[in-house]
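Enquirer: Please find one structure pasted underneath; my questions will follow.
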Amino acid sequence: MEEWLRDMGLLTWLEPHRIKLGLQAFALLIVGWVLGKTLSVGLRRLLLRTQRAQTAMVVSRMVFYLVVFVAVSGALSVLGLQLGVLLGAAGVLTVALGFASQTSASNLISGLFLLAEQPFVVGDLIRVGEVTGEVLSVDLLSVKIRTFDNLYVRVPNEEVIKTHITNLTHFPIRRVDVHLSVAYKEDLERVRRLLIAVADREPLCLVEPGPLFLMQGFGESGIELQFSVWGRRESYIDLRNAIHQHIKEAFDREGVEIPFPHRTLYAGAETRPIPVRVERS
Amino acid sequence: MADPVPAPWWGDFALSVDTRAYWRIGSFELWLERRARDWMVAWRREEAALSEALAVEVPTEREVPADAFQERVGFRQTEAQVRLMPAMADRPVVVSPEVPFSVGEGEEVTIYVSTPVWVQVHLGKPLRVDFEEPSYRLSDTWFGPSTREGTVCYAARTAARLNLENVPVRPNRAITAVRVRNRPRSPLPLEHLLLPMPSLGVYAAPGVGLWTATILMERGAEGDEARVRIGKAPLREGKAMQRLTSPREAGERSVLLRTFGGIFRRKE
């Protein structure tokens, strides 16, 4: 066994001074990791006072990766490995690794593009595919999202780059679209005035841009309308709830009918009406 | 605080433990109840924008209605002193004349605009603002060239009164004199006017209600920019009024040069 180990050259690694070097390299890695983490966290806290969360995150990550890279280089140097030679040898390794880590590499490149393009930043509300939530971090491999029901979702960067992203909080104001229908008998001008008055009375509803009244067409059960109002992005949910509630209240008060789907049974032009018999118990 | 101005509702008040005080400031009602270790603040607001109602009852037997919003502020031990102060809006206010209004070519007019004040309640020792609420909730609005660029403001309507005698004094509204000077050889239609309320302090003098510093707006020769300056405290019988509250945003008194579109919006 010992002969075999010597033949393989592994025994030289078990010599005391080699073990010492190994321990030194390991200690260097640990120190580098801890130092990187400490510096990164400290810097992030410092930057958060004056900078955006996104900037703080990117800068602190870069500092962390830099410190870890220096520590790894130092550890390799302690072990007597030349980084230049290693990188040269890595050329061959890269091909092998490239096949093995295609997905990770793709995510990594996508992550760099995401950081450069910045379609969203930390703290934004975004919709990616079927996931909607707040961006917690944009990392090298994935985007972490907290959904509204407080679930933690990790979306690979490659997926984010490939699909379309909707940033819900990019602009300071948003539009709330209310789709409704009114009975055919209603006076549309009166309905329009009622809706405008509802928007006027709601303080969360922006005066400018003004509300939009849109005829969508003649539906099965009534005339279909769209009423759109604008609000601050922070008050989007409050405005959405308030405007629906106030429209319903105003329609109830003024006797405007919101039709539910109904069918008229027609038994043909020549036929008599369908007989209905009422039985009393 | 020494207060030579007879204060209808603002100023310092003293309240003993387990007593309540009541203020009615236009459409805004406020109840304050002092307990040994906390203050209870209750308030409610009516929809009427131009109410002239005013009542100060310190102390009062009036019960806090069930529909009033309530909150409590805790202290190691509450102090008897409480201060109520008016403050201007925390965002700029966009005022629109009720009837289309324009300033003639080369003319200078002073428009009197009244906007609701925020009611601040100062508690503790030293006194600090522990509660603040607008006396009337103005609608939000957007002021800018597009839905991408601009500022969220409050919107208000104005009768654009030009005579001071016609300006009604209301307890919950402060009057701002806006002096608009139109230079170029074309009339200036004022569809909207952006007033930098956070940069204005509140002033008062006996019998004239609440005022803010004067705003001076001068249309530039090119017509696409405006020089906005916040003037001094308004005068009352030749003397400056007493300042009740400092501006929320300091350092805005100096001469500002802003784009014309950012101050006025012209009718196309």
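The values are calculated or read from the model by the stated rules, or taken from the named source; none is laboratory data. The model shown is predicted, which means the values in this text are computed figures rather than measured ones. Cβ: placed from backbone, ideal geometry, glycine included. Neighbour counts: every protein chain shown. Surface accessibility is based on the protein's heavy atoms, side chains included, excluding ligands, DNA and RNA. Shrake-Rupley method; radii C 1.70, N 1.55, O 1.52, S 1.80 Å.
Enquirer: Which one of B:Ala21, B:Ala89, B:Ala42, B:Ala36 is under 30 Å from B:Pro145 (Cα atoms), modelled with pLDDT of 90 or more and of a type in the set (A, V, I, L, M, F, W, C)? Write out each step before concluding.
Expert: Values: B:Ala21 fails: under 30 Å from B:Pro145 (Cα atoms); B:Ala42 fails: under 30 Å from B:Pro145 (Cα atoms); B:Ala36 fails: under 30 Å from B:Pro145 (Cα atoms).
When all the criteria are applied, what remains is B:Ala89.
Enquirer: Among the numbered conditions (1) open to solvent by less than 30 Å² (accessible area, probe 1.4 Å); (2) within 14 Å of another protein chain (Cβ to nearest Cβ); (3) not polar (S, T, N, Q), tell me where B:Ala48 comes up short.
Expert: For B:Ala48, the exception is condition (1).
Enquirer: Next question, about the same structure. Could you tell me whether the stretch B:175-188 includes any residue that is surrounded by fewer than 16 Cβ atoms within 10 Å (Cβ to Cβ), farther than 16 Å from B:Ser96 by Cβ, at pLDDT 85 or above and more than 14 Å from every other protein chain (Cβ to nearest Cβ)? Walk me through it before giving the result.
Expert: First pass over the stretch B:175-188, keeping only residues surrounded by fewer than 16 Cβ atoms within 10 Å (Cβ to Cβ): B:179, B:184-187.
Now restrict to residues that are farther than 16 Å from B:Ser96 by Cβ: B:179, B:184-187.
Filter again for at pLDDT 85 or above, leaving B:179.
Still in the list and also more than 14 Å from every other protein chain (Cβ to nearest Cβ): B:179.
Looking for residues that are surrounded by fewer than 16 Cβ atoms within 10 Å (Cβ to Cβ), farther than 16 Å from B:Ser96 by Cβ, at pLDDT 85 or above and more than 14 Å from every other protein chain (Cβ to nearest Cβ), one finds at least one in the stretch B:175-188, hence yes.
Enquirer: Same structure again: Report, ordered by the first and then the second residue, all pairs with beta carbons closer than 6 Å, sequence separation of six or more or different chains, a first member in the stretch A:260-281 that is closer than 18 Å to A:Tyr184 by Cα, and a second member that is at pLDDT 70 or above and small (Gly, Ala, Ser).
Expert: A:Pro261/A:Ser221; A:His262/A:Ser221
Enquirer: Yes or no: the stretch B:70-90 includes at least one residue that is open to solvent by 40 Å² or more (accessible area, probe 1.4 Å) and within 14 Å of chain A (Cβ to nearest Cβ).
Expert: yes
Enquirer: What are the residues in the stretch A:205-215 that are within 14 Å of chain B (Cβ to nearest Cβ) and farther than 18 Å from B:Ser96 by Cα, if any? Outline the logic, then answer.
Expert: Pass one, the stretch A:205-215, residues within 14 Å of chain B (Cβ to nearest Cβ): A:205-212.
Across the stretch A:205-215, the qualifying residue is only A:Leu212.
Enquirer: Quickly run through the stretch A:235-244 and pick out the residues that are within 14 Å of chain B (Cβ to nearest Cβ) and surrounded by 15 or more Cβ atoms within 10 Å (Cβ to Cβ). Before the answer, list the steps.
Expert: Of all residues in the stretch A:235-244, those within 14 Å of chain B (Cβ to nearest Cβ) come to A:235-236, A:238-239, A:242-243.
A:Ser235, A:Tyr236, A:Leu239, A:Ala242, A:Ile243 - these are the residues of the stretch A:235-244 that are within 14 Å of chain B (Cβ to nearest Cβ) and surrounded by 15 or more Cβ atoms within 10 Å (Cβ to Cβ).
Enquirer: For the stretch A:1-108, give me every one of the helices (runs of 4 or more DSSP H) that falls completely inside it and has 2 or more residues that are at pLDDT below 85 and surrounded by 14 or more Cβ atoms within 10 Å (Cβ to Cβ). Explain how you work it out, then say what you get.
Expert: On the way: elements: A:2-8, A:16-50, A:53-78, A:83-100.
Passing ranges, in order: A:16-50, A:53-78.
Enquirer: Taking the stretch B:6-37 as the search range and keeping residues that are touching a strand residue (DSSP E or B) at 6+ places or on another chain (Cβ under 7 Å) and of a type in the set (Lys, Arg), which one is surrounded by the most Cβ atoms within 10 Å (Cβ to Cβ)?
Expert: Here the answer is B:Arg34.
Enquirer: Counting only residues that are buried (at least 19 other Cβ atoms within 10 Å of the Cβ), touching a residue at least 60 places away in the same chain (Cβ under 8 Å) and within 9 Å of chain A (Cβ to nearest Cβ), how many does the stretch B:115-143 have?
Expert: 1
Enquirer: Can you tell me which residue in the stretch B:145-171 is surrounded by the most Cβ atoms within 10 Å (Cβ to Cβ), limited to those that are within 14 Å of chain A (Cβ to nearest Cβ) and free of Cβ contacts under 8 Å to residues at least 24 places away in the same chain?
Expert: Initial filter on the stretch B:145-171 (within 14 Å of chain A (Cβ to nearest Cβ)): B:145-158.
With the extra rule that they be free of Cβ contacts under 8 Å to residues at least 24 places away in the same chain, the set shrinks to B:146-150.
Working: B:Ser146: 9, B:Thr147: 16, B:Arg148: 10, B:Glu149: 12, B:Gly150: 19.
So, considering only residues that are within 14 Å of chain A (Cβ to nearest Cβ) and free of Cβ contacts under 8 Å to residues at least 24 places away in the same chain, the one surrounded by the most Cβ atoms within 10 Å (Cβ to Cβ) is B:Gly150.
Enquirer: Checking the condition touching a Phe, Trp or Tyr at 6+ places or on another chain (Cβ under 7 Å) and modelled with pLDDT under 90, which residue from A:Gly222, A:Gly133 passes?
Expert: A:Gly222
Enquirer: Moving on. Check the stretch A:179-195 and report whether any residue there is away from chain B (no Cβ under 13 Å), under 27 Å from the mean Cα position of the chain (by Cα) and closer than 29 Å to A:Arg253 by Cα.
Expert: At the first step, the residues of the stretch A:179-195 found to be away from chain B (no Cβ under 13 Å) are A:179-195.
Within this subset, residues satisfying the condition of being under 27 Å from the mean Cα position of the chain (by Cα) are A:179.
Filter again for closer than 29 Å to A:Arg253 by Cα, leaving A:179.
There is at least one residue in the stretch A:179-195 that is away from chain B (no Cβ under 13 Å), under 27 Å from the mean Cα position of the chain (by Cα) and closer than 29 Å to A:Arg253 by Cα.
Enquirer: Just checking, which of A:Gly231, A:Gly219 is within 12 Å of another protein chain (Cβ to nearest Cβ), open to solvent by less than 30 Å² (accessible area, probe 1.4 Å) and in contact (Cβ under 8 Å) with a residue 12 or more places away in the chain? Can you show your working first?
Expert: Working: A:Gly219 fails: within 12 Å of another protein chain (Cβ to nearest Cβ).
Selected residue: A:Gly231, the only one of A:Gly231, A:Gly219 that is within 12 Å of another protein chain (Cβ to nearest Cβ), open to solvent by less than 30 Å² (accessible area, probe 1.4 Å) and in contact (Cβ under 8 Å) with a residue 12 or more places away in the chain.
Enquirer: Here are A:Glu202, A:Glu159: which of them is over 30 Å from A:Ser60 (Cβ atoms) and surrounded by 15 or more Cβ atoms within 10 Å (Cβ to Cβ)?
Expert: Only one candidate qualifies: A:Glu202.
Enquirer: Could I ask something else about it? Among the residues that make up the stretch B:210-232, is at least one of them loosely packed, with under 14 Cβ neighbours inside 10 Å, of a type in the set (A, V, I, L, M, F, W, C) and modelled with pLDDT under 60?
Expert: Within the stretch B:210-232, not a single residue is loosely packed, with under 14 Cβ neighbours inside 10 Å, of a type in the set (A, V, I, L, M, F, W, C) and modelled with pLDDT under 60.
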